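What follows is one structure encoded as structure tokens, with my remarks underneath.
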Amino acid sequence: MSDFDEGFVRLFTQAARTDRDRVFARFNGEALPFGTLDRMSDSVAAELRRLGLEPGDRVALMLRNSPAVLATLFGLGKAGLVWVPINAQQRGEGLRYIIEHSEPRAIIADADLVPVITGSGAAPVGVPVIVQGDPAAALRLETLLESGARFEHEPPGPDATFAIMYTSGTTGRPKGVLVSHRMMRLAGEAVARVSAARDGDVLFVWEPLYHIGGAQMIVMPLIRSVSLAMVDRFSASRFWDQVREYGATHIHYLGGILQILLKQPPSPRDHDHPVRIAWGGGCPKETWTPFEERFGVQIRECYGMTEASSITTCNDEGVVGAVGRPMPWFTVDLLDAEGKPVPKGERGEIVVRTNRPGAIFPGYFRNPEATERALKDGALHTGDLGSLDANGTLLFHGRMTDSVRCKGENVSAWEVEHIAATHPAVEDCAIIGVAADVGEQDIKLFVKPKAGATVDVPALSAWLGQQLAPYQNPRYIALVEEFERTPSQRIMKHKLSPAVNDCWDRQAG
């Protein structure tokens, strides 16, 4: 058996049988030993089989982070069932689409989310709904967890499907990424490399497990002698106190998390914590060094997609602003529109290839057109832009499609947003293209002010004019109290208003 051919569920079972008292995770302070998770996951696997589910059947989970979710995930894995994670914030048409498209044989949900599912018209007739947190429910998750039933079947092979993860795209319908047991194992192995985790480390987990950023963490205690410190959600104001309470040595970031933390009020305790490493994706170069210096941690950036076992590259060389070099099982090419390699220093589409069968996903669930666009000759065409520096280190330049055509120029949203986010009064921001009076599009910038700060919009616009090219400078600026976000903390741009009569207009004088 070659490296990583042993599935993560088998690793869990082995660890649980030999080291039952070792703590897998602490959730809001509650210790969860391997033995407890093993017992509860056995019960889930056995009870779902008793309900008539067979290997390969899909089970939709609309659950917030909790100890029960961990046990349920390992139970699904043991039983060979396919996990369909659903964002607990999903509503209406988006929720209905995922459930109708995936056609689950069972649904497991928090009690307060069951009416959300039924209200969307998404609950299929005859499909059992297993509820957490409602003593009156006909089928209760608590009963499944505590039945005491044993499950002795062999776990699935490494290339069996473990999950269908619907990508949290900011535009269009989500696509269901087929994620195998092997891909989950490789995601965990990549996390171990990026984070440089050592035995005894404690990894802080705030991410929802229904996103790959959180889900990949369940593999870490199986391949390293580490434990997870889990909380129910991200809180900027409580973040460092939670880290201190758990003795966390590592923190993970996605989206604008580091920028948000950096813009919290300075504290004399900013260095008073055990964290050595902050690892993840999406740290702008403007944030990198200030964050390291203020909080005394090392930034280790990575790049990847769910479609390629979550993590493709790792920056362990400390090159500020870079996403690093490929994992040993991947290679990266940068191609132009004709599929030819671009010269070093120029931008091209990031295309990922692998020397390990199964490291790249086999396709999108029931979406052959999207699969054909993404997979060509065994390579994953990511739709992301990258370039190589003089030493061959990969730099990330955002999505190819996240741009605005303004004054004859393609304006990268990523570039404008990263500049605007450095303004001291701005906590987070996003741009979209809106209808122009003449020509193609104008740029509308949405700004969430930093807590306690007042944004002088005309002054902000003048400041942006000094930082950006004229065609990049937003014409419109709107202030918002909060952004709607995906599980990976990306702003849901399709929900931002394209109206131009609800905001400040630079050209209005």
When restricted to 433, 439, 452, the only residue modelled with pLDDT of 90 or more, open to solvent by 40 Å² or more (accessible area, probe 1.4 Å) and either outside any strand (DSSP E or B) or under 16 Å from residue 506 (Cβ atoms) (or both) is 452
For region 320-349, pairs from a residue that is hydroxyl-bearing (Ser, Thr, Tyr) to a residue that is assigned to a loop (DSSP other than H, G, I, E, B) and modelled with pLDDT under 95, with Cβ under 9 Å and 6 or more apart or across chains, are 331/355
Report yes if some residue within region 14-31 is in a strand (DSSP E or B), without any contact (Cβ under 8 Å) to a residue 40 or more places away in the chain and either among the polar types (S, T, N, Q) or out of contact with any Lys or Arg (no Cβ under 7 Å at 6 or more places or on another chain) (or both); otherwise report no.
yes
Across region 457-475, which residue is surrounded by the most Cβ atoms within 10 Å (Cβ to Cβ) among those that are under 19 Å from residue 501 (Cα atoms) and either within 30 Å of the chain's Cα centre (by Cα) or free of Cβ contacts under 8 Å to residues at least 12 places away in the same chain (or both)?
474
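Residue-wise test of (1) over 17 Å from the mean Cα position of the chain (by Cα); (2) over 25 Å from residue 452 (Cβ atoms); (3) open to solvent by 10 Å² or more (accessible area, probe 1.4 Å); (4) of a type in the set (Asp, Glu).
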residue: 208; (1), (2), (3), (4): no, yes, yes, no
residue: 213; (1), (2), (3), (4): no, yes, no, no
residue: 216; (1), (2), (3), (4): no, yes, no, no
residue: 230; (1), (2), (3), (4): no, yes, no, no
residue: 240; (1), (2), (3), (4): yes, no, yes, no
residue: 249; (1), (2), (3), (4): yes, yes, yes, no
residue: 255; (1), (2), (3), (4): no, no, yes, no
residue: 261; (1), (2), (3), (4): yes, no, no, no
residue: 264; (1), (2), (3), (4): yes, no, yes, no
Within region 296-306, the residues that are out of contact with any Ser or Thr (no Cβ under 8 Å at 6 or more places or on another chain) and either outside any loop (DSSP other than H, G, I, E, B) or among the hydrophobic types (A, V, I, L, M, F, W, C) (or both) are 297, 298, 299, 301
Can you tell me which of (1) farther than 20 Å from residue 314 by Cα; (2) in contact (Cβ under 8 Å) with a residue 24 or more places away in the chain is the one residue 360 doesn't meet?
(1)
State which residue is nearest to the chain's Cα centre (by Cα) when the search covers only region 155-172 and only residues that are of a type in the set (Val, Ile, Thr) and not in a loop (DSSP other than H, G, I, E, B).
164
Residues of region 36-62 satisfying the condition of being in contact with an Asp or Glu (Cβ under 8 Å, 6 or more places away or on another chain) and open to solvent by less than 10 Å² (accessible area, probe 1.4 Å)
43, 62
Residues located in region 405-423, provided they are in contact (Cβ under 8 Å) with a residue 40 or more places away in the chain and either acidic (Asp, Glu) or farther than 18 Å from residue 434 by Cβ (or both)
409, 415, 418, 419, 421, 422, 423
With respect to residue 55, determine if the residue is touching a Gly at 6+ places or on another chain (Cβ under 6 Å) and either of a type in the set (Lys, Arg) or closer than 25 Å to residue 117 by Cα (or both).
yes
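Quick grid of which residues meet (1) in contact with a Lys or Arg (Cβ under 9 Å, 6 or more places away or on another chain); (2) open to solvent by 40 Å² or more (accessible area, probe 1.4 Å); (3) at pLDDT below 95; (4) among the acidic types (Asp, Glu):
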| site | (1), (2), (3), (4) |
| --- | --- |
| 293 | no, yes, no, yes |
| 299 | no, no, no, no |
| 305 | no, no, yes, no |
| 312 | no, no, no, no |
| 339 | yes, yes, yes, no |
| 350 | no, no, no, no |
| 362 | no, yes, no, no |
Restricting to region 369-401, what's the tally of residues that are in a loop (DSSP other than H, G, I, E, B) and open to solvent by less than 50 Å² (accessible area, probe 1.4 Å)?
3
It is to be established whether one or more residues within region 117-136 are in contact (Cβ under 8 Å) with a residue 24 or more places away in the chain, under 20 Å from residue 230 (Cα atoms) and crowded, with 22+ Cβ neighbours inside 10 Å.
yes
(1) open to solvent by 20 Å² or more (accessible area, probe 1.4 Å); (2) within 30 Å of residue 398 (Cβ to Cβ); (3) at pLDDT 95 or above all hold for residue 172 apart from (3)
Could you say which residue among 195, 235 is among the small types (Gly, Ala, Ser), within 27 Å of residue 421 (Cβ to Cβ) and modelled with pLDDT of 95 or more?
195
Against the definition (crowded, with 18+ Cβ neighbours inside 10 Å, touching a residue at least 40 places away in the same chain (Cβ under 8 Å) and of a type in the set (Val, Ile, Thr)), how does residue 447 come out, yes or no?
no
Does residue 139 count as touching a helix residue (DSSP H, G or I) at 6+ places or on another chain (Cβ under 6 Å), modelled with pLDDT of 95 or more and not charged (D, E, K, R)?
no
Applying the selection to region 314-337, what residues are over 30 Å from residue 291 (Cα atoms), open to solvent by 20 Å² or more (accessible area, probe 1.4 Å) and outside any strand (DSSP E or B)?
336, 337
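The values are calculated or read from the model by the stated rules, or taken from the named source; none is laboratory data. Since we're looking at a predicted model, the values are computed, not measured. We place every Cβ from the backbone using ideal geometry, glycine too, and count neighbours over all the protein chains shown. Note: areas computed on protein heavy atoms with side chains; ligands, DNA, RNA excluded. Shrake-Rupley method; radii C 1.70, N 1.55, O 1.52, S 1.80 Å.
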